[in-house]
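Read through the structure below, which is laid out as structure tokens, and then see the notes.
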Amino acid sequence: MLHNKSITELSAGLAAGEYSSAELTKQYLQRIDQHADLNCYITVDQEGALHQAAEADKLIASGGAGPLTGVPLAHKDIFLTEGLRTTCGSRMLENFIAPYDATVVTNIKQAGMVTLGKANMDEFAMGSSNENSYFGSVLNPWNIKMVPGGSSGGSAAAVAAGLAPIATATDTGGSIRQPAALCGLTGMKPTYGRVSRWGMVAFASSLDQAGPMAQSAEDCALLMNTISGFDAKDSTCMDRPVDDYHANLNDSLEGLRVGLPREYFSDELDPAMRKVVDDALKVYEGLGAQLIEIDLPNTHLSIPVYYIVAPAECSSNLSRFDGVRYGYRCDDPKDLDDLYSRSRGEGFGAEVTRRIMIGTYALSSGYYDAYYLKAQQLRRLIKEDFEKAFEQVDVIMGPTSPDVAFPIGAKADDPVDMYLSDIYTISANLAGLPAMSLPVEQVNQLPAGLQLIGNYWSEARMLNIAHQFQQKTAWHQQKPVGFFEGGS
Amino acid sequence: MSISDDDVKKIAHLARLHISDEQVPGYANNLSSIFELVEQMQSVDTEGVEPMAHPLDIVQRLRVDEVGETDQRDKYQAIAPQTEAGLYLVPKVIE
Amino acid sequence: MSWETVIGLEIHAQLATQSKIFSASSTAYGAEPNKQASVIDLGMPGVLPVLNEKAVAMAVKFGLAIDAEIAPRSVFARKNYFYPDLPKGYQISQFELPIVGLGKLEIELESGDTKVIGVTRAHLEEDAGKSLHEDFDGMTGIDLNRAGTPLLEIVSEPEMANAKEAVAYMKKIHSLVKYLGICDGNMQEGSFRCDANVSVRPKGQEEFGTRAEIKNINSFRFVERAINHEVNRQIDLIEDGGTVVQETRLYDPDRDETRSMRSKEEANDYRYFPDPDLLPVEITQDFLSQMRQKLPELPEQKKQRFIEQYSLSDYDASALTSNRATAEYFEEAIKLESTDPKLTANWVMGELSAALNEHNLDIEASPVSAELFATLVKRIEDQTVSGKLAKEVFEFMWQGEGDADTIIEKRGLKQITDTGALEEVISTILKENPDQVEQFKAGNDKIIGFFVGKVMQQTKGKANPVQVNELLQKLLQA
């Protein structure tokens, strides 16, 4: 039984020759097949994975292996993989075979990791429940009637169910952290500009950032070491040295100043959620941290600002999907306009259509100042709130999501209600700050998450803060029933 | 802020999104409630606040002017819906 | 009623970079369709633009040359619209904060006066691809090789009062961008093209009339004709009780008329916004001074220097410096053989220009290099050949027969300077024409022309007329 192991453990086991990457990979492929009903994967690359595993085993045998050589993973289906279908959860790209690799994919290949397949997701990363995938909903392994969160729902459910030991994901407004919280995982959205966006299908360019979906902070650190760094192909990627994220995991938290925004702990916060978060904060106090109340007065504006900025950028980013050079093309277009309108109308689902329309409207003549420009000004105020806060504290903590996983279909008809579930996660994207979610005590037998928001480029410290919590608690080691019992 | 059926049709055309007549009221409804949510922004005075387009305050990096690409037309056009003689084909464009 | 015309030009100059503005694809002209279109140029999912340093440097040089404000921070914006030659569904351009701000340029009018035309702005942007309307079973073919080619869009103030001024302005910009080495100026290949905004108003009226935009004019001649045609159309229209509508028109050189392109639908709602994939472009003082140093001598400076250094007339200096290649040819020629500047200038603007014109060639493509040319001027100067013979030498040179000495030798075109030999010829002629000698002696000075003619005839033009004159005077009076 290897599928309950962290990648830290797998790395050691592979290096020690306890098992081969081929064995490990076969086991995961078998489990993926066995639990296909969770719908975690859009594409499984059986052949490619076994080939990569064999190569990894050779490398390990020759002594040329790195720490993650031979460790399998799933890629969110938003990362372009050359020769392997990349759908982005959309009918638009149902048959799209990417002609090149994303930088994240290249880095992971170079580390010798094995790609099991492409994980399900909300179409073009728009959604908080994974119900917006053209390839169907993903089921939450903790309770298959529930959503896994989104948009990286496939990545989260796969890791939670042991169908991949770790996965890549992306976060534009909480798409790593919220599904991590809902599936009992540790996920990190790095500082904007830490990980290259080259080859990652763009949703909202000034907000998107890739990161790991993992079983622990330590696992996050290992993958962060692999995917972070400068990339000349991305103008927004920062040319700045990368810390060794694994090196300082065991630093002491004595004297750590933890900021608790009053706005995150208002009366509206569900008491049960508040209790598990408070208990987690007590653990931090026990580790020597000092809790300080702070203010982020513009928090309530983050959702309105986000739902202008992100749709505006997406309305333009998604214009390239026009049925001309790749992707879905409608049957028998009668003229050029018909080709565009029907290819796009038929190729995009309802939520993507909605967001393109919001963005198109917000940018259109006569509304630009009232919506887009206003949102950009407020975005600065939100960022300045954080800058002030980080003069007083080292890290900010609060709940990741107001709720635990909700039933599939519960919010499907009310986009605004769905949007409100991003209330705590969105502002880190607007400000470009690194943020994480880590599992705390469950609420109603479902996982809940504690969110950490750090200052710019403080990923190493955040991973240290998260790791120390996980040395004192075992919430991250809890596994859903039905996936880890018995032999394989 | 209320979005009318006509607004929806106009936006859908601008964004080249085919929406059936039956779907229009539903989108009008959704969009209206979203813009209602967004309306909160107007309550804040942002006079003199510089708009922020990027999370990081950095400037554009420049690339050396060198040709680094080779012809990969066949590979790129393998995924195209319709091509002929190396060209992408679309319904006749009328100038 | 008498009318006044107001013209503004938007010139698109393709920047002479090796690679595209946001990708490493080649910008070379004439490749097979889509063979110079990378994943970035094709607008594949996940691609990102990175700005070409050379394009920025070129825009800055242009700004410095027209004495414009260079924006310390400029921003790229997306112009959103759907068109098959626009792969991303938006064009990356500059909108609110262009790299080059207000500048100015002096043009020479036909009257000989000068006029200053304001340049509102110049901004960087990417070009679109090409739609080919030849029949592919009733479909249009799209070639994206040109997509992403860097352009500098140069927008003038509406300050030109007639087609001639517009042409003078366009020529001046054309000469300037070539001078700066930022654009090859090739109008056939579309490297330099312009849109003209034209409106008319009753003389004395303050506000502008409604303007029409004539798109994509790619020759000086067509600019003049298109504007003149459009002005007449608008005046006729208004005088017939109609009104001019704001629209985009296309000039058809075959019919010499402009016609309306489908009026740009939905009122051009381009939804400009800052491109989130690109960051603000910062131009530091350091970079500016580097660019200043790299700036070549500009036409006006060169002209002044030519006047001072070579004692050329204003007219000659202007003509020689109107394009950089001519000025360089001239300077190279005088440097090689230290020939007289004025004589060299006359021959550059005379024989050489005429031949280039006749064969429709640019000076860069001249079969007679500056080096060869200099050898000819040298031999004119030292009187090895007469002016008349020099023209023959030039003709052979044009045909590739080598330098002046080789041709003179081979073709026997050397001027006879041997006094003895000439005296012999002259003596013979005097003996054969006693009547004319008598007339001279009787005081008819003009008859000397008759003898000169005879001598030249005898020597097949190889005698030096000045020397012949001197010898004639001497021998006749003897």
- Using +1 on the beta carbon of Lys and Arg, -1 on that of Asp and Glu, and nothing else charged, what's the dipole of the protein assembly as shown about the Cα centre, debye to 20? 1140 debye
- Query: Based on the inverse mean of 1/r over its pairs of different Cα atoms, what is the Kirkwood hydrodynamic radius of the stretch B:12-78, in Å?
  - Reply: 18.4 Å
- Per residue of C:86-94, what is the mean number of Cβ atoms on other protein chains within 10 angstrom of that residue's Cβ? 4
- Query: Which loop trypsin sites (Lys or Arg not before Pro) in the stretch A:408-478, with loop taken from DSSP, have no more than 14 other Cβ atoms within 10 angstrom of their Cβ?
  - Reply: none
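Show me C:83-92, A:301-310, A:24-33 ranked by packing, highest mean number of other Cβ atoms within 10 Å first.
A:301-310, C:83-92, A:24-33
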- Radius of gyration and Dmax over the Cα atoms of the stretch C:138-212, both given in Å: 16.6, 52
- Pairwise centroid distance, computed over Cα atoms, of the stretch B:29-57 with the stretch A:266-284, Å: 30 Å
- Item | chain A: Cα Rg divided by the 2.2 N^0.38 Å rule of thumb | 0.92
- Note on the structure: Residues C:ILE307, A:ILE78, C:ILE363 in order from fewest to most other beta-carbon atoms within 10 Å are C:ILE307, C:ILE363, A:ILE78
- List the residues whose amide H sits under 5 Å from the amide H of A:MET146, counting only those 5 or more places along or on another chain, with H placed 1.01 Å from N in the peptide plane. A:ASN140, A:ILE408
- If you average the sequence gap of Cα pairs under 8 Å that are 6 or more apart and divide by the length of the stretch C:49-113, what percent do you get for the contact order? 35 percent
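Rounded to two decimals, what is Rg over Rh for the stretch C:127-174 when you use alpha-carbon atoms and the Kirkwood radius?
Values: Rg = 17.1 Å, Rh = 13.9 Å.
Value, to two decimals: 1.23.
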- Normalising by the residue count of chain C, find the relative contact order in percent from Cα pairs under 8 Å and 6+ residues apart. 14 percent
- Message: I'd like the Karplus ³J(HN,Hα) series for the stretch C:291-297: coefficients 6.51, -1.76, 1.60, θ = phi - 60°, whole numbers in Hz, and an x wherever there's a Gly or Pro.
- Response: 5, 4, 5, 7, 5, x, 4
- Computed about the Cα centre, the charge dipole of chain C from +1 Lys/Arg and -1 Asp/Glu charges at the Cβ has a magnitude in debye, to the nearest 20, of 540 debye
- GluC sites (Glu not before Pro) within the stretch C:159-237: which are DSSP loop residues with at most 16 other Cβ atoms inside 10 Å? C:GLU189, C:GLU206, C:GLU207
- If you line up the Cα atoms of the protein assembly as shown on their principal axes, what length do they span on each, largest first, in Å? 138, 79, 60
- In Å³ and rounded to a whole number, note down the convex hull volume per residue for the Cα atoms of the stretch C:419-477. 68 Å³
- With everything on Cα atoms, drop me the angle between helix B:5-14 and the longest principal axis of chain B, reported from 0 to 90° to the nearest 10. 20 degrees
- Per-residue ³J(HN,Hα) for the stretch C:407-412, Karplus 6.51 cos²θ - 1.76 cosθ + 1.60, θ = phi - 60°, Hz, x for Gly and Pro: 5, 4, 5, 5, 8, x
- Query: Given 10 °C and 1.306 mPa s, how large is the Stokes-Einstein diffusion coefficient of the stretch C:297-411 in µm²/s, with Rh as the Kirkwood radius over Cα pairs?
  - Reply: 112 µm²/s
- Item | Antiparallel bridges, percent of DSSP beta bridges restricted to chain A (to nearest 5) | 70 percent
- Can you give me the pair-distance distribution of the stretch C:349-478, C-alpha pairs, 10 Å bins, whole percents? 12, 36, 24, 17, 9, 1
- Local electrostatic count at C:GLU401 - Lys and Arg +1, Asp and Glu -1, tallied over other residues with Cβ under 13 Å: -3
- Message: How much of the DSSP bridge set in chain C is antiparallel, in percent, rounded to the nearest 5?
- Response: 90 percent
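Would you tally the net charge around C:TYR310, using a Cβ to Cβ cut-off of less than 10 Å, leaving C:TYR310 out, and scoring K and R as +1, D and E as -1?
Residues close to C:TYR310 contribute a combined charge of -2.
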- Task: Could you tell me which of C:SER289, C:TYR251, C:VAL60 has its Cα farthest along the dipole of chain C towards the positive end, charges placed at Cβ (Lys, Arg +1; Asp, Glu -1), taken about the Cα centre?
- Result: C:SER289
- Cα-Cα P(r), the stretch A:300-373, percent of pairs per 5 Å interval: 3, 17, 22, 20, 15, 11, 7, 3, 1, 0
- Message: Nearest 500 deg cm²/dmol is fine: what mean residue ellipticity at 222 nm does chain C get from its DSSP H runs of n ≥ 4 alone, each adding -39,500 (n - 2.57), divided by its residue count?
- Response: -12000 deg cm²/dmol
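Please list C:118-127, A:395-404, A:11-20 highest first by mean number of surrounding beta-carbon atoms within 10 Å per residue.
Most protected by this proxy first, the peptides run A:395-404, C:118-127, A:11-20.
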- Projected onto the charge dipole of chain A (+1 at Lys/Arg Cβ, -1 at Asp/Glu Cβ, origin at the Cα centre), which of A:ILE144, A:VAL71, A:TYR361 gives the Cα projection farthest towards the positive end? A:VAL71
- Within 10 Å of each Cβ in peptide B:21-28, how many partner chain Cβ atoms are there on average? Round it to a whole number, please. 1
- Message: Placing one identical point scatterer on every Cα of the stretch A:84-129 and ignoring solvent, what is log10 I(q)/I(0) from the Debye formula at q = 0.15, 0.23, 0.28 Å⁻¹?
- Response: -0.46, -0.93, -1.09
- Task: Using only atoms on other chains, find how many Cβ atoms lie within 10 Å of each Cβ of peptide A:234-240 and report the average.
- Result: 6
- Could you list the chymotrypsin sites (Phe, Trp or Tyr not before Pro) in the stretch A:369-452 that lie in coil according to DSSP, counting only those with at most 14 other Cβ atoms within 10 Å of their Cβ? none
- Message: Check which residues have an amide H placed less than 5 Å from A:ILE166's amide H, if you skip close sequence neighbours.
- Response: A:ALA74
- Item | Of all DSSP beta bridges in the protein assembly as shown, antiparallel share, percent nearest 5 | 80 percent
- Query: How large is the charge dipole for the stretch C:419-477, taken about the Cα centre, if only the Cβ atoms of Lys, Arg (+1) and Asp, Glu (-1) carry charge, to the nearest 20 debye?
  - Reply: 160 debye
- Cα lying deepest toward the dipole's positive end in chain A, options A:GLY117, A:LEU223, A:TYR326, charges on Cβ: A:TYR326
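So what is the 222 nm mean residue ellipticity for chain A from helices alone, if each DSSP H run of at least 4 adds -39500 (n - 2.57) and you divide by all residues, rounding to the nearest 500 deg cm²/dmol?
Working: 15 runs with 177 residues, N = 488.
One gets -11000 deg cm²/dmol as the mean residue ellipticity at 222 nm.
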- Can you work out ³J(HN,Hα) from phi for every residue in the stretch A:386-399, in order, using Karplus 6.51 cos²θ - 1.76 cosθ + 1.60 and θ = phi - 60°, giving whole Hz and x for Gly and Pro? 5, 4, 5, 4, 6, 6, 9, 10, 9, 8, 10, 10, x, x
- Per the Kirkwood definition applied to all pairs of different Cα atoms, how many angstroms is the hydrodynamic radius of chain C? 26.6 Å
- Note on the structure: Any residue on another chain or 5+ positions along whose placed amide H is under 5 Å from the amide H of C:ASN464 is listed here as C:ILE416
- Item | Cα-based Kirkwood hydrodynamic radius, the stretch A:1-99, one decimal, Å | 14.6 Å
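Coordinate-derived values only; no laboratory data. Bear in mind that the values here come from a model prediction, so they are computed numbers and not experimental data. Cβ atoms come from the backbone with ideal geometry, glycine included; neighbour counts cover every protein chain shown.
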